Amino acid sequence: MEMSNRVIAQNEEFVLTGDSLAEGSLAVWSADGLHLESNFIPAALQWALENRGDSTLRLSLGSTWEGATHEIEPRFNSGEPLLDALWQMSLDHIAGSESLAGGFNTYDDRSSTLCSIYLSLATLNPSLAKTTLRRMVKDGIVVQSDGTWPVCLDRLAWATAAWEIYVATGDKTWLQYALNVTEATIAQDFDVMMDTHAGLLRGGRLAPYLSGDFYAPCMDAQDVAASINLSVNAIALHALEVADKMQEELDIEPTHGEAITHLRDAINQRLWNESRGSYAGYCHEMSWPANAPVADNRAQAFAVLWDLASDDRAQTLIARTPTTHRGITAFFPTFKVTEPCLEYTSWAQVQALWNIAAAEVGNEHALRRGWAALMRSQVLYQRLHATLQGQQVNYLGTSASEAAMVLRVLFGLNFTPEGIEFHPLVPACLPSNKTLLGFRYRDAQLDFTITGTGRSLRRVSLDGTPLEGGFLPGDIKGHHNVLIEMQESTGATQQVTLSRSSRPLMARQLPWPHDSVAAVQFTDSIMSDTLSATFTLEHSGKYWLVADYQTLLGCTVMTVDANGHRQGTLVLPRTHGDSTRHSIPLRVDLLKGDNEITIKLYRSVNRQSTIISRMQLHRHSP
């Protein structure tokens, strides 16, 4: 293969071209598009990290990837040897990722697996993707990763992954199963965790992020459960939209239109920060009067890809959210800005989503920077089978992310129930003709060729005949050739903002500013399924309800009724030792005079594991 010296990205940290990466004295290259070679032994990479100030990173390196050990389908050729070699490595890892129990092997949390299926695995291997999703369902409902429900609440990403499988396969049997699971999971999550006052779901994102860079150091599991999170609500919004699409495909009247409108409006009103041009990662209705000054860049990418952010907001978000030469950080600000790809094992998926979002708004500059960062992390770390902090880097997720760059960006494949739409963005630095051969789609085998650069389609042809509207029908059968011809065009902005700021501090405030106005003490030592108490008040209005409790195992969820009307839920995570603690306050509407408040067991790992010793009311502070 002819060597390429076309520059994809060049900055003060590294230079990445079509055939090589050069970073200081380290160099990795591909001469044939099938293998990767380097000028250093693996130990030199650890030395480079320590010399750069990353001495706390415990990086262990394994065997070096020498070339594909599985058949690579579909076959990709870009004229850029390094890019082609990374496709080979990515599909080789995907092909070798089937677990003995069925489905994909997963070394990261389930949310990361769902993201990988959404990015590309639903397209590349829908059969394994189906099995993987089925293994996440118990009694007709999605099981939250790591058993953290409802403290963490991102399991509805299952619906997004399930929908990608359907649009790739057209399998109506799968669709009916997916709709049943999606509806049951939506119903439970919204029933338990919807804050009716805010119009948003409470609950945190992934279990690994209960502490660290995202949440304030003072926050515990209760605080996380009571927070309002961009990722949780964006995923829930998309699940509602997907459920409506599933219903339409099955000739059922869609049922979530009003909820979709209300949730989208509430997210944009509560979490968008106009001055920063980005979304807050979360807010806390009781503990902070303002949004937390931290962004969740995976969730922000979702906001762009799923049309939560308007066109202007989407362009602003991509342009103004700070990034680094080595890639976007999972969160911003962050303490770990030296090497973003080693920040979290699922970083590659954050970067891939960010790149696809950049392509969506036509910001080629941001796309080139982000894609180069993803490629750099692969040739340096995935190639050497690195293990970080004793945990294997998520190579399935990294491979799915690189595959998504080719499928979703270069070829712009957008699967719909009716067929394939094409929305490519081919950077000017990649002008060679590109082919994707042997691509299996439903009952067809397709050979794609794309010519030219830019983001505007000149023409899409099927076996030499132009396709009306550039759309490939989903009922196509047999072997066909698809030619995609591009013409030069750019997006509205090419701005990129580099990270220069330090992390702000967040100080927790007391969630209730006044003394208790009423309290009821319970003498029972064991929690029953239902507890009731009568509070006599001098004034009607809003109050905070707080329970003093002790949970010995898991996490208990209690529903709260006042005078026969549902007020919300109390989430009671495990306490330590014999200690008793306050629940996060729940806002309740009460009347003048007698008010009967009833709390009922909704879910518990062990129904005898929680003791509630007292309920008390505090005046609500507006």
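It is to be established whether one or more residues within segment 95-108 are modelled with pLDDT of 90 or more, within 20 Å of TRP347 (Cα to Cα) and either surrounded by fewer than 18 Cβ atoms within 10 Å (Cβ to Cβ) or in contact with a Ser or Thr (Cβ under 6 Å, 6 or more places away or on another chain) (or both). Within segment 95-108, one or more residues are modelled with pLDDT of 90 or more, within 20 Å of TRP347 (Cα to Cα) and either surrounded by fewer than 18 Cβ atoms within 10 Å (Cβ to Cβ) or in contact with a Ser or Thr (Cβ under 6 Å, 6 or more places away or on another chain) (or both).
Are any residues in segment 143-159 surrounded by fewer than 20 Cβ atoms within 10 Å (Cβ to Cβ) and part of a loop (DSSP other than H, G, I, E, B), and if so, which ones? Show your work before the answer.
Of the residues in segment 143-159, the ones surrounded by fewer than 20 Cβ atoms within 10 Å (Cβ to Cβ) are 143, 146-147.
The one that is surrounded by fewer than 20 Cβ atoms within 10 Å (Cβ to Cβ) and part of a loop (DSSP other than H, G, I, E, B): VAL143.
Listed by first and then second residue, the pairs linking a residue in segment 528-549 that is under 28 Å from HIS576 (Cβ atoms) to a residue that is outside any strand (DSSP E or B) and among the acidic types (Asp, Glu), with Cβ atoms under 9 Å apart and 6 or more places separating them unless they lie on different chains, are LEU531/ASP524. Give the number of residues within segment 530-560 that are in contact with a Gly (Cβ under 8 Å, 6 or more places away or on another chain) and outside any strand (DSSP E or B). Here the count works out to 1.
Taking the numbered list (1) surrounded by 23 or more Cβ atoms within 10 Å (Cβ to Cβ); (2) farther than 26 Å from SER63 by Cβ; (3) small (Gly, Ala, Ser) in turn, GLY362 passes all entries but (1).
If you go through segment 71-87 one residue at a time, do you hit one that is modelled with pLDDT under 90, part of a loop (DSSP other than H, G, I, E, B) and among the hydrophobic types (A, V, I, L, M, F, W, C)?
Within segment 71-87, the subset modelled with pLDDT under 90 is none.
No, segment 71-87 contains no residue that is modelled with pLDDT under 90, part of a loop (DSSP other than H, G, I, E, B) and among the hydrophobic types (A, V, I, L, M, F, W, C).
Checking the structure you have, find out if any residue of segment 586-605 is at pLDDT below 90, closer than 17 Å to VAL520 by Cβ and either in contact with a Gly (Cβ under 8 Å, 6 or more places away or on another chain) or surrounded by 16 or more Cβ atoms within 10 Å (Cβ to Cβ) (or both). Looking through segment 586-605, at least one residue is at pLDDT below 90, closer than 17 Å to VAL520 by Cβ and either in contact with a Gly (Cβ under 8 Å, 6 or more places away or on another chain) or surrounded by 16 or more Cβ atoms within 10 Å (Cβ to Cβ) (or both). As a summary of the residue check, SER30 satisfies the conditions (1) buried (at least 16 other Cβ atoms within 10 Å of the Cβ); (2) without any contact (Cβ under 8 Å) to a residue 40 or more places away in the chain except for the one numbered (2). Out of segment 561-614, which residues are among the polar types (S, T, N, Q) and assigned to a loop (DSSP other than H, G, I, E, B)? Matches in segment 561-614: ASN563, THR575, SER579, THR580, SER583, SER604, ASN606, GLN608, SER609.
Looking across segment 21-50, the residues that are polar (S, T, N, Q) and out of contact with any helix residue (DSSP H, G or I) (no Cβ under 6 Å at 6 or more places or on another chain) come down to SER25, SER38, ASN39, GLN46.
I'd like to check something: does segment 121-129 contain any residue that is aliphatic (A, V, I, L, M), farther than 16 Å from ARG440 by Cβ and within 19 Å of the chain's Cα centre (by Cα)? Break it down stepwise before answering.
Residues of segment 121-129 aliphatic (A, V, I, L, M): 121-122, 124, 128-129.
Filter again for farther than 16 Å from ARG440 by Cβ, leaving none.
Taking every residue of segment 121-129 in turn, none turns out to be aliphatic (A, V, I, L, M), farther than 16 Å from ARG440 by Cβ and within 19 Å of the chain's Cα centre (by Cα).
The single residue among PHE411, PHE422 that is touching a residue at least 60 places away in the same chain (Cβ under 8 Å), buried (at least 22 other Cβ atoms within 10 Å of the Cβ) and not hydroxyl-bearing (Ser, Thr, Tyr) turns out to be PHE411. Scanning segment 473-500 for residues that are loosely packed, with under 10 Cβ neighbours inside 10 Å and either at pLDDT below 90 or touching a helix residue (DSSP H, G or I) at 6+ places or on another chain (Cβ under 8 Å) (or both) gives a single hit, ARG500.
Quickly run through segment 95-142 and pick out the residues that are over 24 Å from TRP306 (Cα atoms), among the aliphatic types (A, V, I, L, M) and not in a helix (DSSP H, G or I). Hits for segment 95-142 are LEU100, ALA101, VAL137.
Against the numbered list (1) assigned by TED's automatic domain parsing to the domain that holds ASP265; (2) more than 19 Å from VAL361 (Cα to Cα), LEU305 comes up short only at (2).
The condition of being in contact with a helix residue (DSSP H, G or I) (Cβ under 9 Å, 6 or more places away or on another chain) and over 19 Å from ARG75 (Cα atoms) holds for only one of ARG408, ARG459, that being ARG459.
Select the helices (runs of 4 or more DSSP H) contained entirely in segment 187-290, then report the ones holding at least 1 residues which are at pLDDT 95 or above and closer than 23 Å to ILE318 by Cα. Before you say what the answer is, go through the steps one by one.
Values: elements: 221-226, 230-249, 257-271.
Here the list reads 230-249, 257-271.
Considering only segment 88-145, state which residues are aromatic (Phe, Trp, Tyr) and in contact (Cβ under 8 Å) with a residue 60 or more places away in the chain. Outline the logic, then answer.
Start the filter on segment 88-145 by keeping residues that are aromatic (Phe, Trp, Tyr), which leaves 104, 107, 118.
Of everything in segment 88-145, those that are aromatic (Phe, Trp, Tyr) and in contact (Cβ under 8 Å) with a residue 60 or more places away in the chain turn out to be PHE104, TYR107.
With the requirement that a residue be in a strand (DSSP E or B), of a type outside the set (Ser, Thr, Tyr) and surrounded by fewer than 18 Cβ atoms within 10 Å (Cβ to Cβ), what does segment 445-472 give you?
Applying the first criterion (in a strand (DSSP E or B)) to segment 445-472 yields 445-451, 454, 456-462, 465-466, 472.
Checking which are of a type outside the set (Ser, Thr, Tyr) leaves us with 445-448, 450, 454, 457-460, 462, 466, 472.
Result: GLN445, ASP447, ARG458, ARG459, LEU462, PRO466.
Selection of segment 426-440 for residues being of a type in the set (A, V, I, L, M) and crowded, with 17+ Cβ neighbours inside 10 Å yields VAL426, LEU430, LEU436.
Can you pull out the residues in segment 240-295 that are of a type in the set (A, V, I, L, M, F, W, C) and under 17 Å from ASP307 (Cβ atoms)?
If we filter segment 240-295 for residues that are of a type in the set (A, V, I, L, M, F, W, C), which is where we start, we get 240, 242-243, 246, 250, 252, 259-260, 263, 266-267, 271-272, 280, 283, 286, 288, 290, 292, 294-295.
Residues satisfying the conditions are LEU240, VAL242, ALA243, ALA259, ILE260, LEU263, ALA266, ILE267, LEU271, TRP272.
When the test is whether a residue is at pLDDT 95 or above and more than 23 Å from ALA330 (Cα to Cα), ALA184 passes it. Check SER401 against each of (1) out of contact with any helix residue (DSSP H, G or I) (no Cβ under 7 Å at 6 or more places or on another chain); (2) touching a residue at least 12 places away in the same chain (Cβ under 8 Å); (3) not hydrophobic (A, V, I, L, M, F, W, C) and name the one condition it does not meet. SER401 satisfies every listed condition except (1). If you go through segment 33-46 and keep only what is surrounded by 19 or more Cβ atoms within 10 Å (Cβ to Cβ) and among the aromatic types (Phe, Trp, Tyr), you end up with nothing.
The number of residues in segment 226-270 that are more than 18 Å from the chain's Cα centre (by Cα) and closer than 14 Å to TRP158 by Cα comes to 2.
Residues in segment 568-581 that are under 24 Å from ASP191 (Cβ atoms) and either buried (at least 22 other Cβ atoms within 10 Å of the Cβ) or out of contact with any Lys or Arg (no Cβ under 8 Å at 6 or more places or on another chain) (or both): THR569, LEU570, VAL571, LEU572, PRO573, ARG574. Condition check for LEU367 on (1) out of contact with any Phe, Trp or Tyr (no Cβ under 7 Å at 6 or more places or on another chain); (2) assigned by TED's automatic domain parsing to the domain that holds SER231: one failure, at (2).
The values are calculated or read from the model by the stated rules, or taken from the named source; none is laboratory data. None of these values were measured; they are calculated from a predicted model. A quick note on method: Cβ atoms are made from the backbone with ideal geometry, for glycine too, and the neighbour counts reach across all protein chains shown.
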